[in-house]
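Here the structure comes first, spelled out in structure tokens, and everything after it is commentary.
The values are calculated or read from the model by the stated rules, or taken from the named source; none is laboratory data. Fair warning: this is a prediction, and the values are worked out from it, not measured in the lab. We place every Cβ from the backbone using ideal geometry, glycine too, and count neighbours over all the protein chains shown. Remember, those area values only see protein heavy atoms, side chains included, never the ligands or the DNA or RNA. Shrake-Rupley method; radii C 1.70, N 1.55, O 1.52, S 1.80 Å.
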Amino acid sequence: ASPPRPVSVEELMETARGVASMTLAHEIVVNTDFQIKPRELPEHSLEKNVRHIVHKAFWDSLEAQLKEDPPTYDHTIKLLGEIKENLLSLLLPHHTRLRNQITEVLDLDLIKQEAENGALDISKLVEFVIGTMGTLCAPVRDEEIKKLKDINEIVPLFRAIFSVLDLMKMDMANFNINRIRLMLMQQSGEYEREKFQEFLEKQPNSLDFVTRWLQEAADDLAKMQSKMPPCCSDGGATGGASALCSTAVQNLAYLKLLKWDHVNKPFPETVLMDQTRFQEIQLELEQLLMIGTVLLVTFSAAGSALVDIPGVAEKIKTITKVLLTGMHLPSFNLKESLATIGEKLCAEVNSCLSQHGFTPFSAERETVFKGQIQAVANPDNAICKLIDSRIQKFLENYLASSHQKSLPAVPGGLGPIQRELEEIAVKYARLVNYNKMVFRPYYDAILGKILSEEESQLVGKSEEL
């Protein structure tokens with residue numbers, strides 16, 4: 001590939017702004033729980049200390065002005081002006097009457113004249129402000145508004161008013177985000193494509209990793225198909241079709257993201273904004289794989305006795321999940337945790353068997369069971385590989401049927417983790433389908449070249465035969 005052309009600082013800044021806007025729009029669309037939240041500064045941080053000192057100086061100055069004889073209202077009038085702007089910013093277009101009331105009551109010129117003539121009634125203005133805030137706030141802020149009415153000192157009251165106004169502005173921002181989400185979902189695909197194209201024009205090699213990613217998927221799929229007998233050729237996601245299917249290649253490529261080496265392997269450019277999400281799903285699946293394997297080992301060891309006992313599967317699953325918490329942290333010791341899981345589950349299984357009239361594990365059987373649980377830590381563990389292949393097959397089938405009404409059945413052995421697996425599948429498919437929708441033109445262009453080359457190679461081999 002040719003080296004990217006030099007770009008100016010201005011072009012880089014413009015591109016950065018475009019990517020930032022695209023990222024925000026993408027976050028709002030993909031993350032249905034996206035909300036603006038109050039920014040919490042770290043305790044004892046320099047920024048928090050400076051902010052505290054500046055704010056304290058201002059409020060102390062305000063209190064000193066109000067204690068003068070006669071009082072000075074310079075700071076007070078400025079605060080009323082800020083409150084007025086905040087209230088006006090919370091209004092919707094149909095709030096015409098309320099807008100007129102705010103403008104009339106918080107007329108700064110009139111307030112200045114009243115202050116100069118000693119006729120300013122701050123309590124009356126504050127009462128109007130709190131009443132207006134109560135009219136505009138979301139129900140969740142009713143309690144904060146009620147508390148404002150119980151504050152009698154003016155400085156603490158002003159501080160509390162601004163604190164609640166900040167929350168109300170955040171509520172309004174989140175309301176607007178929810179309101180525009182549907183519109184963004186309709187338009188963000190085109191918007192993201194447009195922004196990505198602008199980025200691509202400045203960095204022409206920005207699809208190199210995507211090309212490599214799709215090429216690897218196509219190669220892997222071709223190998224799978226070559227190993228399957230012709231009678232199994234059904235044109236499915238991993239069927240033995242003579243020519244590769246673009247959708248099957250893409251689905252396999254997305255499945256590969258769930259086994260990605262995020263430390264040593266660059267992530268494809270088109271899914272870069274969702275790398276963290278794919279990584280989180282990958283970690284969730286790895287934990288679910290361990291839980292599913294432990295459950296299968298446990299039920300296999302106990303035989304059919306445990307199957308019909310209500311709640312036992314959930315209890316075993318909860319114990320295992322709790323003891324596997326943090327399994328991706330560097331400090332986590334999987335072997336030790338599995339040893340503890342073996343001990344806990346052995347006691348739980350024996351208790352359940354005894355309570356329901358079955359024979360508990362013998363000492364020898366306990367030792368074998370605990371050993372089977374500890375063996376789950378081995379990457380080559382046969383049961384673990386079986387569960388993993390079934391999870392991957394379910395996700396593959398889920399992608400293939402995600403636009404259909406009927407969803408694929410959960411493979412055998414995954415029943416105890418069906419709910420968790422389906423929740424992950426829904427989240428995963430939403431990401432994949434949105435990304436496909438946005439970047440389909442790029443994938444079609446790249447795969448057009450890849451698949452034509454693959455087909456040429458297939459034709460060449462058939463002619464040799």
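Here are some notes:
- Pair list, Cβ < 8 Å and 6+ apart or interchain, from the range 194-220 residues that are assigned to a helix (DSSP H, G or I) to residues that are open to solvent by 50 Å² or more (accessible area, probe 1.4 Å) and β-branched (Val, Ile, Thr): Lys195/Val19; Phe199/Val19
- Number of positions in the range 372-397 that are closer than 13 Å to Gly412 by Cα and charged (D, E, K, R): 3
- Cross-chain or 6+ apart pairs with Cβ under 7 Å, the range 373-402 first and open to solvent by less than 40 Å² (accessible area, probe 1.4 Å), then of a type in the set (Phe, Trp, Tyr): Leu395/Tyr428; Leu399/Tyr254
- Residue match in the range 360-372 (condition: open to solvent by less than 20 Å² (accessible area, probe 1.4 Å) and either at pLDDT 95 or above or under 37 Å from the mean Cα position of the chain (by Cα) (or both)): no
- Residues satisfying the stated conditions in the range 76-128, i.e. of a type in the set (D, E, K, R), over 27 Å from Asp171 (Cα atoms) and surrounded by fewer than 13 Cβ atoms within 10 Å (Cβ to Cβ): Asp109, Glu116, Asp121
- Of note, Phe158 satisfies the criterion of being surrounded by 16 or more Cβ atoms within 10 Å (Cβ to Cβ) and under 29 Å from Glu68 (Cα atoms).
- Among residues of the range 403-422 that are among the acidic types (Asp, Glu) and open to solvent by 50 Å² or more (accessible area, probe 1.4 Å), those with a Cβ under 9 angstrom from a residue that is at pLDDT below 80 and part of a loop (DSSP other than H, G, I, E, B), sequence gap 6+ or separate chain, pair up as Glu422/Leu407.
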